[in-house]
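Visitor: What follows is a structure written as structure tokens; I'll ask about it next.
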Amino acid sequence: MPHRQKLISVQLDEKTMVRRAAEVEHERAVAIYDLLEENYFALNGDFTGPYALHIRLEDNRLIFDVRTQDGVPLTQVPLPLKTFQSVVKDYFMVCETYYAAITKLTPSQIEAIDMGRRGLHNEGSELLRERLHGKVDIDFDTARRLFTLICVLHIRG
């Protein structure tokens, strides 16, 4: 029996999307590709996957709009954006430091910054899992890829 508790489609709302740098678009594309290759996404309740996920920002909330594979709406899971703002802000700050350091610092200094960057990414991923608890079950790798997409949605231009 094929694994049914999974995402087969992920879309970011085009209305909240802005034109982004090539590096950001690459990160978004890689996160979606990796997410669709391997994920665990189980909607709590009397639902059966696989699922299509539409993610958007609306009224200071992050909306996980979960649909059937045919696009029929199942449920929407709203999460307050404020929950993620601090970790996303810190993550962006460390990422900027990391990218600036690549050309100027030693490999060991770059590795130290990268460890901090990964730590914040993990923190955001765990926060996402906590906030989805009781609504959607996801594994850690799925949470990491979804957190990357949340970060992409936070970029305003």
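Visitor: Could you please tell me which pairs satisfy a Cβ distance under 8 Å, a separation of 6+ or placement on different chains, a first residue in the range 129-156 that is acidic (Asp, Glu), and a second residue that is open to solvent by less than 50 Å² (accessible area, probe 1.4 Å)?
Guide: Partner pairs satisfying both residue conditions: Asp137/Phe41; Asp137/Ala42; Asp139/Asn39; Asp141/Asn39.
Visitor: Still on this model: Any chance the range 103-110 includes a residue that's within 18 Å of the chain's Cα centre (by Cα) and either open to solvent by 80 Å² or more (accessible area, probe 1.4 Å) or at pLDDT 90 or above (or both)?
Guide: no
Visitor: Something else about it: Here are Asp46, Asp65, Asp59: which of them is open to solvent by less than 20 Å² (accessible area, probe 1.4 Å), free of Cβ contacts under 8 Å to residues at least 40 places away in the same chain and within 23 Å of Gly134 (Cα to Cα)?
Guide: Being open to solvent by less than 20 Å² (accessible area, probe 1.4 Å), free of Cβ contacts under 8 Å to residues at least 40 places away in the same chain and within 23 Å of Gly134 (Cα to Cα) holds for just one of Asp46, Asp65, Asp59, which is Asp65.
Visitor: Same structure, new question: Scanning for something open to solvent by 60 Å² or more (accessible area, probe 1.4 Å), touching a residue at least 12 places away in the same chain (Cβ under 8 Å) and under 14 Å from Leu146 (Cα atoms), does the range 86-94 turn up at least one residue?
Guide: Scanning the range 86-94 turns up no residue that is open to solvent by 60 Å² or more (accessible area, probe 1.4 Å), touching a residue at least 12 places away in the same chain (Cβ under 8 Å) and under 14 Å from Leu146 (Cα atoms).
Visitor: With respect to Leu149, determine if the residue is surrounded by 14 or more Cβ atoms within 10 Å (Cβ to Cβ), in contact with a Ser or Thr (Cβ under 7 Å, 6 or more places away or on another chain) and under 23 Å from Ile8 (Cα atoms).
Guide: No; evaluated as a whole, the condition is false for this residue.
The values are calculated or read from the model by the stated rules, or taken from the named source; none is laboratory data. As the structure is a computational prediction, the values presented were derived from the model and not from experiment. Heads up, the Cβs are rebuilt from the backbone with ideal geometry, glycines too, and the neighbour counts pull from every protein chain shown. Each accessible area value is taken on the protein alone, full model and side chains, heavy atoms only, with ligands, DNA and RNA left out. Shrake-Rupley method; radii C 1.70, N 1.55, O 1.52, S 1.80 Å.
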